Amino acid sequence: MNWRQGRQEDVARGAMILLVSLGIAAVIIAVRLGSQQFAPPLPTATPVPTMTPSPPPSVTPIPLAPTPTPRPETPTPTPAPVAVAGVDELYAQDGRNIVCIDPGHGGEDLGNVRVENGRITLQEKDVVLEHSLMLAERLHKKGFEVVLTRETDTEVNPSNEDVNGDGTVAPEGGPARTEQIDDLQARVNICNLAAADLLVSVHYNGAENKFLSGFEVWFNDEREFSGRSEAFATFMHEALQQGFADAGYDAVDRGIGIEDHVVTGPERPGELVPSEMPGAVIEGLFLSNADDAAFIQSDIGDETLVGAYEAAITRYFSVYPG
Ligand SMILES: [Zn+2]
């Protein structure tokens, strides 16, 4: 093709491109105008009513994962129970609930006495024996095995043996037929030989001061089984409180005491081989007080005191079976 022919074609092509471009532009404009014209009117915005903002819904907080307690660098080990020689065997349950009842004093040892118009009208050794025998019968009927350190009005070491092996006995012609520590060791030996589970030493108090009155229970806190002794003393104290209240007798509550009595206390080297079971010493009431003495000598007094001893012992074995 020549240059003229080419020139004409160039012009025609340019016109064509121009026309097409104009057409496209017109279509775009028409669409734009049309879309504006036929678009539905925007809805008039409804005014949002003014209202108190509602609180955000309460959200149950998701518990955070517990913060781990930092472990101590050196963890404290839980102490392993320490076996105490003799105690585990003592506590071995053999189905036998054995009670060792110790009526204090006896024979030439009168214990506390009540004196009226220069005459002895009440002796501790008699009251504790009477009540201990009543108690033993009741416990026996309930299926307990009962051992008494004495069943008659006598010392427990009337032949004046050197029971504790300390090389001494009561002097001939002296005020007592037997040395007191030998007599007490003899009582402990009876309870130990019987393999008793509990030792109950029965006493009544006395004092120069006639106004002193009331009841108290003693245990020793230095024995390997002192926890049980304390439990029993607590049961006994509560049983006496209840008994006096039920009887309508306003006895003075002298509480629970800790003391080193020979029959319940720890070893005394060369002088005492100790009891091998929990126990307590009861001082029921004061023989030297008029009201206490009258109560002790009444039927309701017997029932109240012996009933309380029985209740405490029964409760003890329900907690600590023998
Ligand atoms: Zn006594």
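Where a number appears in this text, it was derived from the coordinates with a stated rule and is not lab data. Because the structure is predicted, anything quoted here is derived from the model rather than measured. Here the Cβ is made from the backbone with ideal geometry for all residues, glycine too, and neighbour counts use every protein chain on show.
What's the total number of residues in the range 163-187 that are among the acidic types (Asp, Glu) and in a loop (DSSP other than H, G, I, E, B)?
Qualifying residue count for the region: 3.
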Candidates Val169, Val163 - the one that is surrounded by fewer than 21 Cβ atoms within 10 Å (Cβ to Cβ) and over 22 Å from Ala312 (Cβ atoms) | Val169
Candidates Phe235, Phe295, Phe286, filtered to the one that is over 17 Å from Tyr204 (Cα atoms) and of a type in the set (Phe, Trp, Tyr) = Phe235
Search the range 124-159 for residues being within 18 Å of Pro175 (Cα to Cα) and surrounded by fewer than 21 Cβ atoms within 10 Å (Cβ to Cβ), and hand back the single one that is farthest from the ligand (Cβ to nearest atom).
-> Ser159
Of all residues in the range 194-218 being buried (at least 23 other Cβ atoms within 10 Å of the Cβ) and away from the ligand (no atom under 16 Å from the Cβ), the one that is nearest to Arg254 (Cα to Cα) | Leu198
